[in-house]
Amino acid sequence: LDLEKVDSIALHHMAHPTATFEDVEHWHVDDNGWSAIGYNFWIDFKGNVYVGRGWHVGAGVGGQNSHIISIGFQGDYDGVNKEMPEAQLQAGAALVAWIQERVPTARTVGGHGDFSATDCPGRYFPLEEIIALAEQKR
């Protein structure tokens, strides 16, 4: 991933209420035939941050992964999970701020649906709150 060309961070949900990092990686590798989980980073309900593809090209937003870093969040924020746990929320904001400190060109933060036609990260995903908290943490 050429970090000088990265201009955005896309936030995603799993559209599954309990899938773990290992579950998602299994789906991406075994079901999709990918080399690894598609997200650059991933956050579980407890606020644990996992490195997926890290600073390598992700597979979160079709056709745009060369300029976007993708963060996956455990949960189904379009249906089942109506509130994000505080630990996950804070970890998400801290991760966005951390990425923006290291990649200052990543100025745009949005949901997956801001970059392609999808309902991800879901109607209950606290996108604006994560963005505001990230700005406070920088």
Worksheet item: Modelled label-to-label distance, Val80 and Tyr124, 7 Å Cα→beta-carbon offset: nm?
Response: 1.0
Worksheet item: Only one of the listed values, (1) 0.93; (2) 1.11; (3) 1.04, was derived from the coordinates as Rg/Rh (Cα atoms, Kirkwood Rh); which label is it?
Response: (1)
Item to complete: Work through the residues other than Ser8 whose Cβ is under 14 Å from its Cβ and net out their charges, Lys, Arg +1 and Asp, Glu -1.
Response: -2
Discussion item. Run the simple label-point estimate for Ser35 and Val49 please: 7 Å along Cα→C-beta, distance reported in nm.
Written reply: 2.4
Practice prompt. Just report the Cα centroid separation between region 53-111 and region 1-46, whole Å.
Written response: 9
Fill in: Eligible lysines near Lys82 by straight Cα distance, threshold 17 Å, same-chain separation 8 or greater
Lys46
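Write down the percent of antiparallel bridges among all DSSP beta bridges whose residues are both part of the chain, to the nearest 5.
Restricted to the chain, the bridges split so that about 25 percent are antiparallel.
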Item to complete: Provide the solvent-accessible area of Tyr50, counting protein heavy atoms only and rolling a 1.4 Å probe, rounded to the nearest 10 Å².
Response: 70
Discussion item. Relative contact order for region 34-95: what percent, with Cα pairs under 8 Å and sequence separation of 6 or more?
Written reply: 37
Response to the item:
Among Phe115, Phe41, Phe73, the residue with the largest mean-square fluctuation in a Gaussian network model of the chain built from Cα contacts under 10 Å is Phe115
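Give the accessible surface of region 1-71 per residue, rounded to a whole number of Å², with probe radius 1.4 Å and ligands, DNA and RNA excluded.
Result: 47 Å² of accessible area for each residue.
The values are calculated or read from the model by the stated rules, or taken from the named source; none is laboratory data. Predicted, not measured: the structure shown is a model, and the values here were computed from it. FYI the Cβ positions are ideal-geometry reconstructions off the backbone, even for glycines, and counts take in every protein chain you see. Areas reflect the complete protein model, heavy atoms only, side chains present, ligands, DNA and RNA absent. Shrake-Rupley method; radii C 1.70, N 1.55, O 1.52, S 1.80 Å.
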